[in-house]
Amino acid sequence: MQLHRILILVLCFWSCSKKTSAQKEITVADPTIFLHKGTYYLYGTSPESGQGFLVYTSKDLMNWSNPVGATSGMALSKEHTFGTSGFWAPQVFHYRDKFYMAYTANEQLAIAVSDNPLGPFRQSEKKQLSGEGKQIDPFLFQDEDGTWYMYYVRLNNGNRIYVVKMKPDLSDIEPGTAKEILAAEKLWENTWNANWPVAEGPTVIKRSGKYYLMYSTNDFRNPDYAVGYAVSDHPEGPFVKSDDSPIISRKLLGVSGPGHGDLFTTSDGKFKYVLHTHFDRTTVAPRLGAIIDIRFEPGEKNEKIVVDPTSFRYLKAAIAQTFRNPILPSGADPYSYWKDGYYYYTHTLVDRISLWKTTTLSALAGAKEVTVFRPPSVASYAKDIWAPEIHNIHNRWYIYFSAADNKGRNNRIYVLENKRKDPTRGKWKMKGKIAASSDYWAIDGNVFEYQGKRYMVWSGWENAKSRHQNIYIAAMKNPWTISGDRVCISKPELEWERHGKRNEPTDTATVFVNEGPQALLRNEQLFVIYSASGCWTDNYALGMLSLKGSMNPLDASAWEKSLKPVFSGSAEAGIFSPGHNSFFKSPDGQQDWILYHANDRPGMGCAQYRSPRSQRFRWKADGSPDFGKPIPLKNPLVVPSAYSIQNN
């Protein structure tokens, strides 16, 4: 009996401690799978089809990653290629040591190139392929003699499949070689008897001297969307439709809308077809990705394609872990720095500087606060410790912070240094005040490097008597010394920047504010995101400066200001006065996130009610950031990619 109990306990421990991974279906349409060096890459039309193409990876076709493309999960982003919307039906292949993606955008065809199947796929010249009218669904095929053909769909009194020869370098089509090879004419191909019959999603394979063309028919919204095939002796046809079609259908699988996929070979040489289906029997979108086994069997004239319906299954990825804002109950002016697998986070605490060390900011509440600096009671930096930032420069840690004297006046920027590998340990040494030769009231210093030179931006007064805050920039001689004088790059001159009426018993002045500048650099484009209007108002919001012209950060005329806020509060979302932000990358370096503080209700001002929040942002076609709108606190957010919830 005792042994029996021990066995039960052992088995229970094993089963209870065994790791399990919850999964959900991948939402993708028009999918294609590309195998390279033991890894399967899944691409397709995503619910965010206006941005580009996401890519997922798997080693076994059973367990898929979440999106891992080079640009925020995307293998191809519209900022790098032709197209502004309608990114559909990609195909990826390897040719001449490069990876090619043929795709649809703006109902035209294009080809982009990359050194990696994860992207970024780019075009040296953003252009579409030549052709007549609207064209979609490209599939490129190279015959044994080296000739390239592209099968595609032309919208001409229906969706009709065409073939055209390609130039050897795949730069464009060979003029005058396009011809129609297939249209939807059979009853099963148009069950709605629509005036616009559909044949689309071509994919081609050559076997035993024959060319097999698999295609989908019916409107994609039709539950009878299905897959058939046709056979030819020549890549340009004529193609003869198989009497066995449809080979994939609602009747066969018991799911609505199966089709528009791609044939691929597994690492062990077997054939599979990747496809999409409707979301369920009553809802078309978002469509779900799936795979099914196929094989070629002897037929009377040619081999025939046979599908194994029992092998049908949906593609699934691990359910991404989520979090909700705020990431801490309180904390203004949030900032973080990533190094060696950890984020080092800090925010304004007024009387001290603390660090939180964590592997993911979404689990910041579980990290330990470590106080690293308390000012002396009498000093030029004794009070109002604001907006600390931590940086690692030349393998030494620096904390830049704003502070006032023991009377709460004469605010300036100061810097601390720590030589230890872990900034939460060791001694922080005061390096002193950091100021330009025009040494006036200054707060919110941010240090960054651009084109091999280091700069600081900050918020300050024009002179000793002014209370209005401008944005200044200066070059740095070293991490604790400014070189030369400052240059003003922004003043609060726009209407939305000039909400500054104070309503305190001893202070009713109107103060116009530009503060909290943060450099944001991507692909040699430099932006400064700043906060404007008084933080004591509900109009506090983020603005943007873009470096143009001479591209010299110290040339005031080279900076261009956005006329409207780029991120502002939303009463509908229950978020007020968002501002004083910073930026961070996801642990895998693939996603861009904004970190900011905000209030939950109007009229809460600059007090302890401000709390730190984070959300992912993307990029516009012109290379500028697209922060979107503040996401309501009730909405769950997927944690940054390649996360861990362990904390030290």
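Summarising the amide proton neighbourhood of Y162: residues at separation of 5 or more, or on other chains, whose placed amide H is nearer than 5 Å comprise Y152, V153, R154, I181. Take each peptide in 420-426, 152-158, count the other Cβ atoms within 10 Å of every residue, and average; sorted highest first, the result is 152-158, 420-426. A straight chain from K421 to K167 at 0.36 nm per residue would run longer than the Cα-Cα distance by 85.9 nm. Taking amide hydrogens as placed 1.01 Å from N in the peptide plane, the amide H of V566 sits under 5 Å from those of L542, G543, M544, each at least 5 positions away in sequence or on another chain. In a reduced charge model with +1 at each Lys and Arg Cβ and -1 at each Asp and Glu Cβ, the chain shows a dipole moment near 2640 debye about its Cα centre. In loop segments of the range 286-368 as defined by DSSP, the trypsin sites (Lys or Arg not before Pro) with at most 10 further C-beta atoms inside 10 Å of their C-beta are K301. Loop-located GluC sites (Glu not before Pro) in the range 442-517 (DSSP state other than H, G, I, E, B) with a sparse environment of at most 12 neighbouring Cβ atoms within 10 Å: E493.
The HN-Hα couplings worked out from phi for the range 546-557 by the Karplus form 6.51 cos²θ - 1.76 cosθ + 1.60 (θ = phi - 60°) are 10, 7, 10, x, 5, 6, 9, x, 8, 9, 4, 6 Hz, whole numbers, x standing for Gly and Pro. Roll a 1.4 angstrom probe over the protein heavy atoms and tell me the percent of accessible area of the range 536-648 that is carbon or sulfur. For the range 536-648, the apolar C and S fraction of the accessible surface comes to 50 percent.
Which pairs in the list K491/K548; K59/K251; K383/K629; K383/K564; K165/K304 are over 24 Å apart, alpha-carbon to alpha-carbon? Could you put the intermediate results ahead of the total?
Working: K491/K548 18 Å; K59/K251 31 Å; K383/K629 35 Å; K383/K564 34 Å; K165/K304 27 Å.
The pairs that break the limit, which is 24 Å between Cα atoms, are K59/K251; K383/K629; K383/K564; K165/K304.
If I fit a long axis through the Cα atoms of helix 2-17 and take the longest principal axis of the Cα atoms of the chain, what angle between them do I get, 0 to 90°, rounded to 10? Here the helix axis deviates by roughly 80 degrees. Under a 5 Å amide H cut-off, with hydrogens placed 1.01 Å from N, W619 pairs with D626 among residues at least 5 apart or on other chains.
Per residue, the accessible area of the range 429-479 comes to 43 Å² when a 1.4 Å probe rolls over the protein heavy atoms. Distance from the alpha carbon centroid of the range 246-314 to that of the range 84-98 works out to 22 angstrom. Applying both filters, DSSP loop and at most 14 other Cβ atoms within 10 Å, to the GluC sites (Glu not before Pro) of the range 524-612 gives E524, E572. Look at where the Cα atoms of the range 334-386 and of the range 487-564 average out, and the two centres are 25 Å apart. Per residue, the range 29-174 exposes 37 Å² of accessible surface when a 1.4 Å probe is rolled over the protein heavy atoms with every protein chain present.
Provide the packing ranking of 124-131, 79-86, 382-389, i.e. peptides ordered by the mean count of other C-beta atoms within 10 Å per residue, highest first.
Going by the mean number of other Cβ atoms within 10 Å, highest first, we get 382-389, 79-86, 124-131.
Counting only protein heavy atoms and using a 1.4 Å probe, what share of the accessible area of the range 215-317 belongs to carbon plus sulfur, as a whole percent? If you can, show how the numbers build up before the last one.
Working: 2210 of 4490 Å².
Of the solvent-accessible surface of the range 215-317, carbon and sulfur hold 49 percent.
At an R0 of 35 angstrom, the distance between the Cβ atoms of D626 and N392 translates into a FRET efficiency of 0.75.
The values are calculated or read from the model by the stated rules, or taken from the named source; none is laboratory data. Remember, predicted model here, so these are calculated numbers, not experimental data. Here Cβ is always computed from backbone atoms with ideal geometry, including for glycine, and neighbour counts include all displayed protein chains. Only protein heavy atoms, including side chains, enter the accessible area calculation; ligands, DNA and RNA are left aside. Shrake-Rupley method; radii C 1.70, N 1.55, O 1.52, S 1.80 Å.
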